[in-house]
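Here is the structure we will look at, set down as structure tokens.
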Amino acid sequence: MLYKQIKGWIKGVLDTVQLPMPMKQRSTGINMSYNFLENFISFNPTRLIQSHKELPVSISFKAFVQALTLHELGHSLDRDALYASIPKSYHIYQIKKAHPYSERSKNIELFQWDIEDHEMNYVFEETAWRNAQSLNQTHRIVDPKIMDVVEFYSLLTYTAEYNRDLLVHHRLKVTTTEPVAV
């Protein structure tokens, strides 16, 4: 029953902002995602329920789903930039595939690709949230304070690994820097 409700809330947002696109229910570890290659939104009801429960603040589940839907639509509005990132993303993917994290984290030239990947992904996330906020201002779907809360906690999921890798990168920089002659 709740799965049908979730789908209805997502469709309601799509209809309100007049950005229709297919929705697919998927069993992944991700709440929702936007597939820019095929132009559809996927959602995982089980993960949505779980991540809503993990929030340290109390907001309605419906508003949570609506805010995330607006975010995924925010990605759709950035589709050209996502397409343009394919060559670089593929290059980074190939480097990561050829060199495990344990190897990359000991080599600053290789590890720089991890940092670039984080930075590129974070820019896409920030852009999607800016677009979502704009859509929400126009269509007034979710209380702006709730949008801010969902955005904050959503972006936190990206910053934990990014900050860890920034520390690794900093350590690599410090250990590979030549001492200054006196």
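The values are calculated or read from the model by the stated rules, or taken from the named source; none is laboratory data. Source: prediction; values computed, not measured. We place every Cβ from the backbone using ideal geometry, glycine too, and count neighbours over all the protein chains shown. Surface accessibility is based on the protein's heavy atoms, side chains included, excluding ligands, DNA and RNA. Shrake-Rupley method; radii C 1.70, N 1.55, O 1.52, S 1.80 Å.
Observations on the structure shown:
- Global geometry of region 1-106, whether rounded, prolate or oblate, following the gyration tensor of its Cα atoms and the 1.5 cut on a/c: oblate
- Taking the chain and dividing mean pair separation by its residue count, relative contact order in percent (alpha carbons under 8 Å, at least six apart): 22 percent
- Region 1-49-region 138-157 distance, computed between alpha-carbon centres (Å): 17 Å
- Using a simple spin-label model with pseudo-atoms 7 Å out from Cα toward Cβ, Thr138 and Asp15 lie 1.9 nm apart.
- Accessible surface, 1.4 Å probe, highest first, among residues Thr28, Thr175: Thr175, Thr28
- Projecting label points 7 angstrom from Cα along Cα→Cβ for Leu156 and Lys88 puts them 2.9 nm apart.
- Solvent exposure of the chain amounts to 59 Å² per residue of accessible area, where only protein heavy atoms count and the probe is 1.4 Å.
- Arg171/Glu38 FRET efficiency (R0 35 Å; Cβ-Cβ; nearest 0.05): 0.30
- Once the C-beta distance of Tyr122 and Tyr3 is scaled by a Förster radius of 41 Å, the resulting FRET efficiency is 0.85 to the nearest 0.05.
- Lysine pair count for region 1-177 with Cα-Cα distance under 28 Å and sequence separation of 8 or more or different chains is 27.
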